[in-house]
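Only one structure is covered here, and it is reproduced in the block below.
No lab work stands behind these numbers, since they all come straight from the coordinates. Remember, predicted model here, so these are calculated numbers, not experimental data. Cβ placement follows ideal geometry from the backbone for every residue including glycine, while neighbour counts extend to all protein chains displayed.
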Amino acid sequence: MEYRKLTNSEYTELSSRILYEDNHLLIVNKNVGEIVQGDKTGDETISDKYKAFIAERDNKPGKVFLGIPHRLDRPVSGITILAKTSKALERMTALFRDGNVHKTYWALVYSEPNPKTGELDNFIVRNEKLNKSFIVPKGKDVKGAKQAKLIYSLIGHTDRYFLVEIQLLTGRHHQIRCQLSGIGCTIKGDLKYGASRSNPDGGISLHARKINFIHPIKKEEINITAPLPSSWKGV
């Protein structure tokens, strides 16, 4: 199978974003705007880019396998795990499903959270037509609503924004975006959840910063931290 030829700059840029790699996993730092899984836009996915990269780097004539055990929304940046074997894909998918992958996000928000540290526990429901999630009012029974839990803490600020760290306890559609907006802490650039203007790059200031799990094959502890995007100046 032939993959597209990468330019020298593309090859160098993709190589620079690899955070961890072995025979089983490839962990990379996703840019804002990249898609993890194919969608109706037909845009090239991050896995397609790295398939072409591996084929070229390793002079691999056959098909390159890169499975997707989890996804990161298009406007979000940060840690993305790709599986290099079907065995690793199956086991990583199970780790995510069972809550054994510990994810930490950083977000720039417009307002200081009050209190500065806390746990959010809501039921949220996804509206497929709007591609948006909504918090269900307490005591109301809504079909399809799922419990969403996270822990947040204020860890810094810039002249205009507040830096919040989030520990995800569940993995729901747009969970962080929805729940932070629900306490008046809309993420910078997130028009869908209340921001007044977009970021210049069209993304939102939400970054998958750290990840921790036990390697599904090697059984070693893996701790990864992703550098912040260059647009996060002063953080």
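The alpha carbon centroids of region 30-66 and region 123-197 are separated by 29 Å.
In a DSSP loop and with at most 13 other Cβ atoms within 10 Å, the trypsin sites (Lys or Arg not before Pro) in region 185-235 are 197, 218, 219, 233. Taking every C-alpha pair closer than 8 Å and separated by at least 6 residues, the mean separation divided by the residue count of the chain gives a relative contact order of 20 percent.
Counting Lys and Arg as +1 and Asp and Glu as -1 over every other residue whose Cβ lies under 13 Å from the Cβ of residue 29, the net charge comes to +2.
Charge tally for residue 115 (other residues, Cβ to Cβ under 15 Å; Lys, Arg +1; Asp, Glu -1): -3. Where Lys and Arg each count +1 and Asp and Glu each count -1, what net charge lies around residue 125 among other residues with Cβ under 9 Å from its Cβ? Around residue 125, the charge tally is +3. Could you tell me which of rounded, prolate or oblate describes region 124-235, using a ≥ b ≥ c as the square roots of the eigenvalues of the alpha-carbon gyration tensor, with rounded for a/c under 1.5 and, failing that, prolate when a/b is larger than b/c and oblate otherwise? Taking the square roots of the gyration eigenvalues as a ≥ b ≥ c, region 124-235 is oblate. Here is the list for region 125-225: GluC sites (Glu not before Pro) lying in DSSP coil, each with at most 11 other C-beta atoms within 10 angstrom of its C-beta, are 128, 220. Looking at region 81-135, the trypsin sites (Lys or Arg not before Pro) that sit in a DSSP loop and have at most 12 other Cβ atoms within 10 Å of their own Cβ are 116, 129. As a quick test, which of the pairs 49/143; 40/63; 84/132; 5/30; 30/140 have an alpha carbon distance above 30 angstrom in this structure? Checking Cα-Cα distances, 49/143; 84/132; 30/140 exceed 30 Å. Multiplying the residue separation of residue 112 and residue 22 by 0.36 nm and removing their Cα-Cα distance gives an extension gain of 28.4 nm.
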